[in-house]
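The values are calculated or read from the model by the stated rules, or taken from the named source; none is laboratory data. The structure presented is a predicted model; accordingly, all values stated were derived computationally and were not measured. Note that each Cβ is placed from the backbone with ideal geometry, even for glycine, and that neighbours are counted across all protein chains shown. Accessible surface is based on the protein model in full, side chains and every heavy atom, while ligands, DNA and RNA are left aside. Shrake-Rupley method; radii C 1.70, N 1.55, O 1.52, S 1.80 Å.
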Amino acid sequence: MALYAIGDLQGCLAPLERLVEALAFDPARDRLWFVGDMVNRGPDSLGCLRFVKSLGNSAVTVLGNHDLHLLCVAEGIEKARPRDTLGDVLAAPDRDELVDWLRRRPLMHVEGAYVLVHAGLLPEWPVPKARALAGEVEVVLQGTGWRRFLSHLYGNRPERWDDGLEGDDRLRAIVNAMTRLRVCTREGAMDLSFKGEPGERHAHRIPWFEMPDRQSATHTIVCGHWSAMGLRVTPKLLALD
């Protein structure tokens with residue numbers, strides 16, 4: 001059995017199909033891990049969703065910020081943005097089935113010494129704690145109140161984690177870290193405005209994976225999201241966007 005991790009698809013089905021063919025991927029034997037952001041920007045978001053969904057248990061995908069944005073647009077919670085390429089999904093006959101499948105994807109996946117998450121983890125979160133926090137979001141997103149949850153999803157605050165956070169603030173902080181995080185301040189707050197390359201950061205901004213005493217360094221993190229950084233492979237980080 002082989003396990004392959006694949007970066008942000010962003011609606012690009014044709015390159016995915018070429019990659020799967022080059023890997024000689026066999027769904028009866030092998031598995032694929034997707035780091036999230038299956039949709040948007042590229043020409044075939046619908047095809048990407050259908051393809052990954054068709055793999056069943058042969059694939060694991062975590063939710064990215066663009067996947068959550070699709071859920072919000074599909075439910076009328078947010079308006080489509082000028083650069084969105086989600087129209088094929090929104091007009092598809094199996095739209096509702098795909099939306100339901102998508103909202104049931106995990107926010108984080110842990111297997112052995114590896115963690116799959118779209119963006120990153122806050123430095124004070126050990127992996128078991130992060131997995132439990134992701135579970136809090138998943139329970140709400142997969143429950144009957146998921147539309148209300150999405151209506152309170154957007155926003156950059158709170159910037160720092162506190163175990164005493166409750167309600168929408170708590171869930172938003174978890175989602176922001178796992179689907180949007182690139183850099184933290186030296187004090188450990190999320191700076192969600194930064195979208196440049198690691199070398200462009202100011203002295204007070206540190207890539208989340210370089211934060212001192214990061215508690216999740218016990219595992220190898222497989223992630224995407226930070227396209228300006230490009231591919232980065234280290235003993236404890238596989239950044240694939």
Exercise. Taking region 5-24 only, how many residues are closer than 16 Å to Lys53 by Cα, more than 18 Å from the chain's Cα centre (by Cα) and not aliphatic (A, V, I, L, M)?
Worked result: 1
For this session: Filter region 172-193 down to the residues that are part of a loop (DSSP other than H, G, I, E, B), open to solvent by 20 Å² or more (accessible area, probe 1.4 Å) and not acidic (Asp, Glu), then identify the one that is farthest from Glu124 (Cα to Cα).
Result: Ser193
Exercise. Under the condition of being under 13 Å from Met190 (Cβ atoms) and either basic (Lys, Arg) or modelled with pLDDT under 95 (or both), which residue from region 147-171 is surrounded by the fewest Cβ atoms within 10 Å (Cβ to Cβ)?
Worked result: Arg157
For this session: Determine, yes or no, whether Trp101 is more than 26 Å from Ser216 (Cα to Cα) and of a type in the set (Phe, Trp, Tyr).
Result: yes
Exercise. Which is open to solvent by less than 20 Å² (accessible area, probe 1.4 Å), under 23 Å from Thr220 (Cα atoms), in contact (Cβ under 8 Å) with a residue 24 or more places away in the chain and in contact with a helix residue (DSSP H, G or I) (Cβ under 7 Å, 6 or more places away or on another chain), of Leu49, Leu63?
Worked result: Leu63
Exercise. Could you count how many residues in region 73-89 are surrounded by 16 or more Cβ atoms within 10 Å (Cβ to Cβ) and either touching a strand residue (DSSP E or B) at 6+ places or on another chain (Cβ under 8 Å) or not in a loop (DSSP other than H, G, I, E, B) (or both)?
Worked result: 4
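Of everything in region 75-112, what is basic (Lys, Arg) and over 30 Å from Pro126 (Cβ atoms)? Give them in sequence order. Show your work before the answer.
Residues of region 75-112 that are basic (Lys, Arg), as a first pass: 79, 81, 83, 95, 103-105.
Passing the criteria: Lys79, Arg81, Arg83, Arg95.
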Problem set entry | Complete set of residues in region 194-225 that are out of contact with any Lys or Arg (no Cβ under 7 Å at 6 or more places or on another chain), in a loop (DSSP other than H, G, I, E, B), open to solvent by less than 20 Å² (accessible area, probe 1.4 Å) and over 12 Å from Ala119 (Cα atoms) | Gly196, Met211
Seminar exercise, completed: Matching residues in region 17-49 (within 15 Å of Gly87 (Cβ to Cβ) and of a type outside the set (Ser, Thr, Tyr)) number 10
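Table: residues versus (1) within 29 Å of Ile206 (Cβ to Cβ); (2) of a type in the set (Ser, Thr, Tyr); (3) open to solvent by 50 Å² or more (accessible area, probe 1.4 Å).
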{"residue": "Asp96", "(1), (2), (3)": "no, no, yes"}
{"residue": "Trp101", "(1), (2), (3)": "no, no, no"}
{"residue": "Pro106", "(1), (2), (3)": "yes, no, no"}
{"residue": "His109", "(1), (2), (3)": "yes, no, no"}
Problem set entry | Where a residue in region 156-185 is within 15 Å of Val140 (Cα to Cα) and its partner, wherever it lies, is of a type in the set (Asp, Glu) and outside any loop (DSSP other than H, G, I, E, B), with Cβ under 9 Å and at least six apart | Arg170/Glu136; Leu171/Glu136; Ile174/Glu136
Exercise. What number of residues within region 111-146 satisfy the criterion of being open to solvent by less than 50 Å² (accessible area, probe 1.4 Å) and either farther than 14 Å from Ile221 by Cα or among the polar types (S, T, N, Q) (or both)?
Worked result: 10
